[in-house]
1. What list of ³J(HN,Hα) values in whole Hz, one per residue of the stretch 110-124 in order, does the Karplus curve 6.51 cos²θ - 1.76 cosθ + 1.60 (θ = phi - 60°) give from phi, with Gly and Pro shown as x?
2. Helix-only mean residue ellipticity at 222 nm, the chain, DSSP H runs n ≥ 4 weighted -39,500 (n - 2.57), per residue, nearest 500. What is it?
3. Between ARG120, ARG24, ARG61, find the one with the highest GNM mean-square fluctuation for the chain; connect C-alpha pairs within less than 10 Å.
4. Based on the alpha-carbon gyration tensor of the chain, what equivalent-ellipsoid semi-axes (square roots of 5 times the eigenvalues) come out, in whole Å, largest first?
5. If the reach is capped at under 17 angstrom between alpha carbons, list the aspartates and glutamates near LYS103, excluding any in the same chain fewer than eight residues apart.
6. Which residues' amide hydrogens lie under 5 Å from the amide hydrogen of SER38, considering only partners 5 or more residues apart or on another chain, with H built in the peptide plane?
7. Which net charge results when you count Lys and Arg as +1 and Asp and Glu as -1 among the other residues whose beta-carbon is under 10 Å from that of SER35?
Amino acid sequence: MTEFYELCKEAEDIDFETRCAILRGKSEELLPLLSEKSVDGESGEDILSTFLISAMAADGRLSQEEYELLHPLLSSFLGEKMNYKDAKKAVGFMKKEAREMKKISEKMIEVLSEFSDELRKEIVLVILMICASDGKVSLSEKLWIQKLLF
């Protein structure tokens, strides 16, 4: 099993309450570091937010149940409140805009390239924990996120 798949397994095995607590802690650690980076005038924090929505769009759908699982995780990490209608609209936009998804992936890779391997893995683990809200990281999500580890 590769290191990436070990990270996937780790993210899937964390219970929901623990996952929220970990994300709140990682938020305090990682968001200030991400906000110091930028690509094309967009902060690393904003790029990560858009990448998370892209990761949710990777499997092409966002059900009400999935949103209800994801919302506390996104709020724990990003501190943002996004209602289901807005989240579904964002996922739908990203699904239709393959070019936009490719661009945001490239920007996220550029931001991560400025961090150590260890910090890069921490950020990828955060993304995986959010995507594993239903207890599983789907194959399409894995393929999308795996690009970040170069």
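Bear in mind these aren't lab numbers, they're just calculated from the coordinates by the rules spelled out. If you're wondering where the values come from, they're calculated on a predicted model, not measured in any experiment. Every residue, glycine as well, gets a Cβ built from its backbone with ideal geometry; the counts of neighbours run over all protein chains shown.
1. For the stretch 110-124, the Karplus curve yields 5, 4, 5, 5, 8, 10, 5, 4, 5, 5, 4, 5, 4, 5, 5 Hz.
2. Only helices count here, giving -24000 deg cm²/dmol.
3. Checking each option, the largest mean-square fluctuation is seen for ARG61.
4. Numbers: eigenvalues 76, 68, 50 Å².
Listed largest to smallest, the semi-axes of the chain are 20, 18, 16 Å.
5. Those aspartates and glutamates meeting the cut-off are ASP40, GLU42, GLU45, ASP46, GLU141.
6. GLY44
7. Spelling it out: positives minus negatives among the neighbours equals -2.
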